[in-house]
Amino acid sequence: MAETKIYLNGVRAYGYVGLLPEEQILGQWFAVDAVLTLDWSAAATSDDIADTYDYRTAIGTIHRQIQTGRYKLVERLAGAIAQELFTEPRLGHLHLKVIKQPPIPDFQGSVAVEISGDRTHFSPTPASIATPEAKPAKKKSKPSTLTAHA
């Protein structure tokens, strides 16, 4: 297998990810850069889209995750994008950078999270794709009953 890469740069979408109430209510713009590693060497000679990965699918995945995911952490958004991208069986490795400009007073820069790995690092689960992870309910502990022994 020849290792070949597809680069997606500056994929932008508006979403509602962040710890601050403003981020959850008003939202903000996100940008994603991705490098998809797979074998598309057959497409170099066949000129057939079936021999490669249609990057429009990856762009749609990135847009959908940003627009519909309601996460507190950018790290979780990056993980959700990676998990959904790895549903493509030909994808061997992924390098992903998610960038946002948080509404922090006196800060005009951006914040970015970068992840890299293969499918063993990002195994998708139905509950984690396109929706925030469900957190298990905390169990209420019963007060312990102490028994005195004489």
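The values are calculated or read from the model by the stated rules, or taken from the named source; none is laboratory data. Since this is a predicted model, take the numbers as computed values, not measurements. To get the accessible areas, we keep the full protein, side chains included, count just its heavy atoms, and leave off ligands, DNA and RNA. Shrake-Rupley method; radii C 1.70, N 1.55, O 1.52, S 1.80 Å.
Gain on full extension, evaluated as 0.36 nm per residue between Val111 and Arg12 minus their Cα-Cα distance, stands at 34.2 nm.
When the accessible area of region 55-107 is computed with all protein chains present and a 1.4 Å probe, what percentage of it is carbon and sulfur? Using a 1.4 Å probe with all protein chains present, region 55-107 comes out at 55 percent carbon and sulfur. Backbone phi angles across region 39-50, fed through the Karplus curve with coefficients 6.51, -1.76 and 1.60 (θ = phi - 60°), yield HN-Hα couplings of 9, 10, 4, 5, 5, 5, 10, 7, 6, 10, 4, 5 Hz in residue order; Gly and Pro are listed as x. Using θ = phi - 60° in the Karplus curve 6.51 cos²θ - 1.76 cosθ + 1.60, the 3J(HN,Hα) couplings for region 59-70 round to 4, x, 4, 4, 4, 4, 5, 5, 6, 10, x, 10 Hz; x is entered for Gly and Pro.
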